[in-house]
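Notes follow the structure.
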Amino acid sequence: METTAMINPFVIGRYVADRYFCDREEETSFLIKQIRNGRNVALISPRRMGKTGLIRHCYRQEAFDEHYHTFFVDIYATTSLAEFVYLLGKTIYEELKPKKTAWTEQFFKIISSLRIGFKLNAITGEPSFDIGLGDIQAPQTTLDEIFAYLEAADKPCLVAIDEFQQIGTYEEKNVEALLRTKIQQCKNTMFIFAGSKQQMMNNMFNSSSKPFYQSAISMGLEPIPMPIYTAFAVRLFEERDKTVERALVERVYGTFGGCTWFVQMMMNELFALTPLGGNCGMESFETAWKNIIQTQESSYKYLLAQLAPRQKLVLQAIAKEAVAQGITSSAFITKYNLSSASSVQSAIKALLKHDMIAQEEDGYRVYDYFFSDWLAREY
């Protein structure tokens, strides 16, 4: 629901309402159709293309909102099965707690291994989920209980797991097979497996040697078409008594190849720069760009400080190239005073692992466009 605090309609990194969500009509219909027909979905696309927004948008549609219990868990930062189980249990409890149905009150009875976390607030008398990661003593047991709880629900459950490829990096080696077995046994619970590391996700769901092979319908996510996004941006400006030049919106879109998060970030700043009754023209582009970089500068410095010296050198070299080709060639190594081809390869591997760079058909680039520009100008 929109609130009076919703001044800037270009929402970043969250879902507010349908009117601030651009297009994705075909994708929404496709995703809802698959789930309603009993098919799990693997949603695979680059980071910040709008996977989370699409899932949240679908959750708000009547097809899901009225007929399913919906859950969304982001496992990007997890490194083990225990962390996965902890986040899943916590997410389910916090989503259901306000509903206070007969089923929700069964949470700690069915998931008995988490009963240690059942506490009553001394002031309100309300139950709370007061448990730490260290309290997950038997992850597989707790996972069994969580699945049993979902299967016992009063209506079907839909669980979206974001950055699902992380399970392939866990310290335990059997997590994929373990989860596949449990998910296969579900009759009352459907899953959306969202992931941004396309090679890992495609291998996980399309390789015959992997446990999740052919267990879900694969779905990609392309940029929203430029004409549709342009009309969307113009409308949002006009609804707030402002105007924006179509050519400016198209320039923003083209700069980021239509990648949703970056486009929205620029449009958010351009909207903020435009006074009521004013027009946002091409002259505002550079100002908005510089403002965004300035607000992120401390974060950029922190990111650089976390890198090993050789990784930092390679990252800066890629930023200066915009799109770097032939990164192990003698010409590239000499141009940026790098030590050797093997050290460049090692740095590239680490930078890819930490999502600092992206590998595209024509070479490597720093994933964050703003960070890339800052690196190229400052170093």
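Per-residue accessible area (protein heavy atoms, 1.4 Å probe) orders 113, 346 as 346, 113, starting from the largest. For the range 30-69 versus the range 287-309, the inter-centroid distance based on Cα atoms is 33 Å. Other residues whose C-beta falls under 15 angstrom from the C-beta of residue 293 contribute a net charge of -3, scoring Lys and Arg +1 and Asp and Glu -1. On a per residue basis, the chain carries 49 Å² of accessible surface, using protein heavy atoms and a 1.4 Å probe. Taking the longest Cα principal axis of the chain as reference, the axis of helix 260-273 is set at about 70 degrees. Spin-label pair residue 62-residue 341: with each label point 7 Å from Cα along the Cα-Cβ axis, the two points sit 6.3 nm from one another. Against the longest principal axis of the chain, how steep is helix 25-36, in degrees 0 to 90 to the nearest 10, with axes from Cα atoms? Relative to the chain, helix 25-36 is tipped by roughly 20 degrees. Backbone phi angles across the range 94-103, fed through the Karplus curve with coefficients 6.51, -1.76 and 1.60 (θ = phi - 60°), yield HN-Hα couplings of 5, 6, 8, 3, x, 7, 6, 9, 4, 5 Hz in residue order; Gly and Pro are listed as x. Rounded to the nearest whole Hz, the Karplus-based 3J(HN,Hα) values (6.51 cos²θ - 1.76 cosθ + 1.60, θ = phi - 60°) of the range 239-253 follow the sequence 5, 10, 6, 9, 10, 9, 6, 4, 4, 5, 4, 5, 5, 4, 4, with x at glycine and proline.
The HN-Hα couplings worked out from phi for the range 83-88 by the Karplus form 6.51 cos²θ - 1.76 cosθ + 1.60 (θ = phi - 60°) are 5, 4, 5, 4, 5, 5 Hz, whole numbers, x standing for Gly and Pro. Annotation: amide H of residue 157 within the under-5 Å range of 69, 189, 190, sequence separation 5 or more or interchain, hydrogens built in the peptide plane.
Segment residue 218..residue 23, full-extension length gain: 68.2 nm, with 0.36 nm per residue of separation and the alpha-carbon distance subtracted.
Here the accessible area is traced with a 1.4 Å probe on the protein chains. For the chain, carbon and sulfur cover 49 percent of it.
Separation of the range 348-362 from the range 187-240 is 20 Å, based on Cα centroids.
Set against the labelled values [x] -0.64, -0.77; [y] -0.70, -0.83; [z] -0.79, -0.94, log10 I(q)/I(0) by the Debye sum over Cα atoms at q = 0.10, 0.11 Å⁻¹ computed from this structure falls on [z]. Here the gap between residue 151 and residue 279, fully extended at 0.36 nm per residue and compared with their Cα-Cα distance, gives a gain of 40.7 nm. Per-residue ellipticity at 222 nm from helix content only, as computed over the chain with -39500 (n - 2.57) for each DSSP H run of at least four residues, stands at -14500 deg cm²/dmol.
Between residue 105 and residue 208, full extension at 0.36 nm per residue minus the direct alpha carbon distance yields a gain of 33.0 nm.
Here the simple spin-label model places points 7 Å from the Cα toward Cβ, and for residue 329 and residue 297 these points are separated by 3.5 nm. With contacts taken as Cα pairs under 8 Å and at least 6 residues apart, the chain reaches a relative contact order of 17 percent.
The values are calculated or read from the model by the stated rules, or taken from the named source; none is laboratory data. The structure displayed is predicted, hence computed values, not measured ones. All Cβ positions, even for glycine, are placed from backbone atoms using ideal geometry, and neighbour counts span all protein chains on display. Please note that ligands, DNA and RNA were not included when accessible areas were found on the heavy atoms of the full protein model with its side chains. Shrake-Rupley method; radii C 1.70, N 1.55, O 1.52, S 1.80 Å.
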